[in-house]
1. I'd like the full set of residues that are part of a helix (DSSP H, G or I) and buried (at least 18 other Cβ atoms within 10 Å of the Cβ), limited to the stretch 386-426.
2. Could you please let me know if Ser86 is at pLDDT 50 or above and crowded, with 18+ Cβ neighbours inside 10 Å?
3. Check Arg105 against each of (1) in a loop (DSSP other than H, G, I, E, B); (2) over 28 Å from Gly294 (Cβ atoms); (3) under 24 Å from the mean Cα position of the chain (by Cα) and name the one condition it does not meet.
4. Restricting the first residue to the stretch 176-195 and requiring it to be within 16 Å of Gln130 (Cα to Cα), which pairs with a second residue that is of a type in the set (Phe, Trp, Tyr) meet a Cβ separation below 7 Å and a spacing of at least six or different chains?
5. Considering only the stretch 334-365, state which residues are buried (at least 24 other Cβ atoms within 10 Å of the Cβ), in a loop (DSSP other than H, G, I, E, B) and over 20 Å from the mean Cα position of the chain (by Cα).
6. Would you mind listing the strands (runs of 3 or more DSSP E) fully within the stretch 135-210 where at least 2 residues are hydroxyl-bearing (Ser, Thr, Tyr) and touching a Phe, Trp or Tyr at 6+ places or on another chain (Cβ under 9 Å)?
7. Any residue that is in contact with a helix residue (DSSP H, G or I) (Cβ under 9 Å, 6 or more places away or on another chain) and surrounded by fewer than 19 Cβ atoms within 10 Å (Cβ to Cβ) - is there at least one of those in the stretch 119-139?
8. Output the number of the condition that Leu7 fails; it satisfies all remaining conditions of (1) at pLDDT 95 or above; (2) over 32 Å from the mean Cα position of the chain (by Cα).
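The values are calculated or read from the model by the stated rules, or taken from the named source; none is laboratory data. Small disclaimer: the values here were computed from a predicted structure and weren't measured. For neighbour counting, all protein chains shown are included, and Cβ atoms are generated from backbone atoms with ideal geometry for every residue, glycine included.
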Amino acid sequence: MKFSNYLTVAIRLCFLIAASFFLYECSEPTLTRMPVDDVPPSDVDDNDLDNTVLSCADCDYVVPPKQHVIDGKALNIQPGDVIGLSANVEYGNLVFRNIVGTPDRPVIIKNCDGTAIVDGTGLAFALKTQYSRHFRITGGNKDNDYGLVVKGGRIGIALGDLSTDLEVDHCEVKDIGFAGIMAKTDPDCDDATIRGNFLMKNVNLHHNYVHDTGGEGFYVGNSFWDGMQRDCGLRLPHEIHNLRINDNIIRNTGWDGIQVGCATKGTRIYANIIENYGLAEVRHQNSGMQIGGGTGGLCYGNLIRNGTGNGMIVMGLADNIVYNNIIVDAGDIGIFCDERYSPGPGFQFINNTIINPATDGIRIYAEKVPMNIIRNNVIVNPGNYNVYKYPRSGDDAFVYKLSKDVRIEMSNNLFAHDLESVGLADIKHGNFRPVAGSPLVDRGADISEYDIKYDFYKMPRSKGFGVDIGAAEF
């Protein structure tokens, strides 16, 4: 085991052993719903859901059978109106066009009289929005987490054609040919679609269950920050401001679990569960999460496990702070990092837990940024430890630098060869907390500059004599 700044203080261990029984018995975690961190999960979340299933009789408009396009302008849909999707109707694919609310009175698109199903099997999409803003698509109520089921189609929910200021929550999206939820308007020769003319903002995707997709679970923002060639020349994709992707469950994706691009300001990706990703084994498209070009912000409190590719790829604006994430059994690298297009001050990886990556724990190619920070991370059993030969060494499998030009400030990380030596409570049942006597406890460096108040389980940081190493506190 290799451990920087390793301290042994006997009196602390005595205190931890005495406290361990009470803490372990009283605070067993669950991963059914991931906790949030130190910001609210969304403007509208589980706490304000109706206590009962919405009745279709209480809707301002109910989509009738065999209707394909719901045009808010033609139907005189007003801000604050509720558009119902009836549980008693078999819907084919649906287009919501010109649905326009206000910030205080969004238009609500919601299931009524029970669970509603939108089926786009064999078609390009199941549910699509066009030229719409200030709206919410929700399937939430007290009795059913996912009252709106969207299935089939190449795209499950397509939030495009200049749609903005939107929320999608409590939807089950399944059996999709490509992307489960897609949110972007690709640039074309219409100047209304390009950067500077269109800004997608206030996008909130939370508490959805997306599974069994041929491509990405979530595909948000364009993948080509530096532009796409069109007949009219190079066209730059729009930016996204104030994006939140949180508390979603994503399972069995052919490509990436979550892929985000061009989200330049106010991005938070947190408290998601991503499992069984990259099943199609398409190289460079099989990560648990891809933070792509033009994307900055925060990524924290996510659980990523069991995939064919990297647990996480970070190629953003180099102002990215990645913390409190747990990555288990990545099929390649735990976290791969490289600067792209617009390098900033540096990538920062704080208090992450990476277990059994098939190759390296963290591999970092970011040579062009002033300084990268790797602090308080635990990396266990990287597959390349016994592979690297001179001039490399086994230690490179924990943190692999492309060259000496990659500048990294590393402190208080714990690198281990076997899981038992780390002292985690019960990872088989989702408990990644350190136990009493673990070398992770109180051994972390100060992180007060980041104002990280909570750990992966939304328990306070620095509960003992100092911050613990890894994503979870003792």
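1. So in the stretch 386-426, the residues part of a helix (DSSP H, G or I) come out as 386, 394-397.
Result: Asp396, Ala397.
2. Values: at pLDDT 50 or above: yes; crowded, with 18+ Cβ neighbours inside 10 Å: yes.
When the stated conditions are applied, Ser86 passes them.
3. (3)
4. Ile181/Phe218; Met182/Tyr219; Thr185/Phe198; Ala192/Phe198
5. Within the stretch 334-365, just Asp360 meets the criteria.
6. Values: elements: 148-151, 155-159, 164-169, 171-176, 181-183, 199-206.
Passing ranges: none, list empty.
7. Quick first cut of the stretch 119-139, residues in contact with a helix residue (DSSP H, G or I) (Cβ under 9 Å, 6 or more places away or on another chain) only: none.
Among the residues of the stretch 119-139, not one is in contact with a helix residue (DSSP H, G or I) (Cβ under 9 Å, 6 or more places away or on another chain) and surrounded by fewer than 19 Cβ atoms within 10 Å (Cβ to Cβ), which makes the answer no.
8. (1)
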